[in-house]
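Take a look at the structure below.
The values are calculated or read from the model by the stated rules, or taken from the named source; none is laboratory data. Here the structure is a predicted model, which means the values were calculated and not measured. Backbone-built Cβ (ideal geometry, glycine too); neighbour counts: all protein chains shown.
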């Protein structure tokens, strides 16, 4: 059901050589670009009419409009299962606690007497958020996108999710109910690359969608390819690939827990990655024994879980010790990393590359997906070595404000002129000289005091 990679015995290679030994799904975003490009440009030129045509082509629904009416949002919340509503409300509450603490304060640094640099944090004006609606429904992704944007102070928030045939062309009602709970009423029944194009270009008309400055949220390869296509025109969070879990475990880990956590991520998609890194052959054997009965008792076995566990992206990786295992998981850079070792907190503190880290037997990835308070929109495909998960910071821009007096500029003017001339950019230096009446062609000797 799941393959093994044995890295015991020899010294582990460094850097890319180690990464190349580890399992990873095939996810060719570049190849998908050629297919999403005409879709995106069609939306640019035909707007809502193109969105309606693609809803028919890709989602099998005939729409008259793509904007979700306010009464549909209200109705979805009214009929929501009370237990689901309570769970969503608790998820929102915990996410707000964590994300509110991420807010950035403005500050001023006095560099020299009369010279200061301040930094203010300004939210983007409008964001388009994407909530997937393919193999599963993800109201949790609505929460994980909306809450940090709201806590950042984004004034205009729109959300798109694919139309569903069984719900008269509207997005899934639980998605709509989550929007209503969060106070989001700018909602569109649009999926895939065309949703990203709608946010990037905007559409006109009575149900038009104004263009957004940024698009965030997980999606399939077509959504990811569209994000790449529009990079530079709009801000994006990340190019999300298939979901991943890596578990670093030793002989103290419970194989029942480990197997269930691997299965929980395999449940997302046939390309989902489930990786166990361990120095215990006994644990590896026990986990393999657990996978079969647990998988057999689970929904979505044939279409998702079994192919995900058997795919090239999933494996049990055997290492000589926990230290070697730490090197392996750092090289892998998992979206979700569980640490189930004797000193789980100590090992977790030393991890450098992971989207989110889950410590010990009672912090499964499932907790982070819904109710830990952390964000589950995380870097995939090894991008955790350079990128972070979605946060309040994702929606903020830091702007420096430079405020110098005449005397403060005079004190450093000769350095500015010297560096400008060293870079063969004399006009840069001239802009400073002009403020003090220096003769522009001359080169100021070191230590010369400017004359007004």
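Points worth noting:
- Filtering 259, 266, 286, 253 for residues that are in contact (Cβ under 8 Å) with a residue 12 or more places away in the chain, touching a strand residue (DSSP E or B) at 6+ places or on another chain (Cβ under 6 Å) and more than 18 Å from residue 326 (Cα to Cα) leaves a single hit, 266.
One line per residue, one yes/no per condition, for (1) assigned by TED's automatic domain parsing to the domain that holds residue 362; (2) outside any loop (DSSP other than H, G, I, E, B); (3) more than 19 Å from the chain's Cα centre (by Cα); (4) over 17 Å from residue 329 (Cβ atoms):
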{"position": "226", "(1), (2), (3), (4)": "no, yes, no, yes"}
{"position": "229", "(1), (2), (3), (4)": "no, yes, no, yes"}
{"position": "245", "(1), (2), (3), (4)": "yes, yes, no, no"}
{"position": "256", "(1), (2), (3), (4)": "yes, yes, yes, yes"}
{"position": "264", "(1), (2), (3), (4)": "yes, yes, yes, yes"}
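- Residue check for residue 212: part of a helix (DSSP H, G or I), modelled with pLDDT of 95 or more and in the same structural domain as residue 49 (by TED's automatic domain parsing): no
- Residue identified as in contact (Cβ under 8 Å) with a residue 40 or more places away in the chain, out of contact with any strand residue (DSSP E or B) (no Cβ under 8 Å at 6 or more places or on another chain) and either assigned by TED's automatic domain parsing to the domain that holds residue 192 or more than 21 Å from residue 325 (Cα to Cα) (or both) among 32, 83, 55: 32
The rows are residues; the columns are (1) surrounded by fewer than 24 Cβ atoms within 10 Å (Cβ to Cβ); (2) closer than 18 Å to residue 390 by Cα.
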{"site": "108", "(1), (2)": "yes, no"}
{"site": "116", "(1), (2)": "yes, no"}
{"site": "124", "(1), (2)": "yes, yes"}
{"site": "134", "(1), (2)": "yes, no"}
{"site": "148", "(1), (2)": "no, yes"}
{"site": "160", "(1), (2)": "no, yes"}
{"site": "167", "(1), (2)": "yes, no"}
{"site": "177", "(1), (2)": "no, no"}
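This table checks each residue for (1) buried (at least 23 other Cβ atoms within 10 Å of the Cβ); (2) over 20 Å from residue 357 (Cα atoms); (3) under 15 Å from the mean Cα position of the chain (by Cα).
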{"position": "213", "(1), (2), (3)": "no, yes, no"}
{"position": "251", "(1), (2), (3)": "no, no, no"}
{"position": "274", "(1), (2), (3)": "yes, no, no"}
{"position": "281", "(1), (2), (3)": "no, yes, no"}
{"position": "299", "(1), (2), (3)": "no, yes, no"}
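- Elements of type helices (runs of 4 or more DSSP H) in the stretch 1-105, at least 3 residues being in contact with a helix residue (DSSP H, G or I) (Cβ under 6 Å, 6 or more places away or on another chain): 29-46, 48-54, 70-78, 82-100
- Residues of the stretch 391-440 that turn out to be part of a helix (DSSP H, G or I), touching a residue at least 24 places away in the same chain (Cβ under 8 Å) and in contact with a helix residue (DSSP H, G or I) (Cβ under 6 Å, 6 or more places away or on another chain), as a count: 4
- Verdict on residue 155 being within 17 Å of residue 211 (Cα to Cα), at pLDDT 95 or above, within 23 Å of the chain's Cα centre (by Cα) and surrounded by fewer than 24 Cβ atoms within 10 Å (Cβ to Cβ): yes
- Boolean, residue 169 is on the phi < 0 side of the Ramachandran plot, part of a loop (DSSP other than H, G, I, E, B) and over 22 Å from the mean Cα position of the chain (by Cα): no
- Single match in 18, 63, 77, 22 (criterion: touching a residue at least 40 places away in the same chain (Cβ under 8 Å), outside the structural domain of residue 323 (by TED's automatic domain parsing) and under 28 Å from the mean Cα position of the chain (by Cα)): 77
- Any chance residue 271 is part of a helix (DSSP H, G or I), touching a helix residue (DSSP H, G or I) at 6+ places or on another chain (Cβ under 9 Å) and farther than 15 Å from residue 360 by Cα: no
- With respect to the conditions (1) modelled with pLDDT of 95 or more; (2) surrounded by 14 or more Cβ atoms within 10 Å (Cβ to Cβ), residue 414 falls short on a single one, namely (1).
- Close pairs from the stretch 322-349: first assigned by TED's automatic domain parsing to the domain that holds residue 281 and free of Cβ contacts under 8 Å to residues at least 60 places away in the same chain, partner surrounded by 24 or more Cβ atoms within 10 Å (Cβ to Cβ) and part of a loop (DSSP other than H, G, I, E, B), Cβ under 6 Å, at least 6 apart: none
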